[in-house]
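Notes for the one structure printed next.
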Amino acid sequence: MEARIRKQLQATGSSSVEEVLLRLLDTQEEQDRWLLENRAEINAKIRRGIAQLDRGEGIPEDQLDACLARLKARLWLSSVRKIEHLSRATQANPSLARQRNSKPSAFR
């Protein structure tokens, strides 16, 4: 456990064990809050997925890895395109970069 805390100290740049523990507790509380707020939607998606599987609409196991790889590639490409778009927009209008950088990090 001490090794894990030391690792968190280095990874987060925290100045003390107490700060590491506070960050971890804050993160856990935020995750718990998110789960509580989204529980109904999560459960609905799980029920919908189970119903799809029951109807035979699932992805066959031998095709799953390839399907997930395609999905990851699409998501990656979409992210790259968004970054490129933002980069072009900020180059065309530098005030956008200043506006973005002036927002607190929690709102980015």
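The values are calculated or read from the model by the stated rules, or taken from the named source; none is laboratory data. Just so it is clear, the model here is predicted, and its values are computed rather than measured. Cβ placement follows ideal geometry from the backbone for every residue including glycine, while neighbour counts extend to all protein chains displayed.
Taking only region 49-62 into account, find how many residues are loosely packed, with under 10 Cβ neighbours inside 10 Å and part of a helix (DSSP H, G or I). Let's see the steps before the verdict.
Taking region 49-62 first, the residues loosely packed, with under 10 Cβ neighbours inside 10 Å are 54-57, 60-62.
Now drop any that are not part of a helix (DSSP H, G or I), which leaves 54, 61-62.
Result for region 49-62: 3.
Every condition in (1) at pLDDT below 90; (2) not in a helix (DSSP H, G or I) is met by ALA97 except one, and the failing one is (2).
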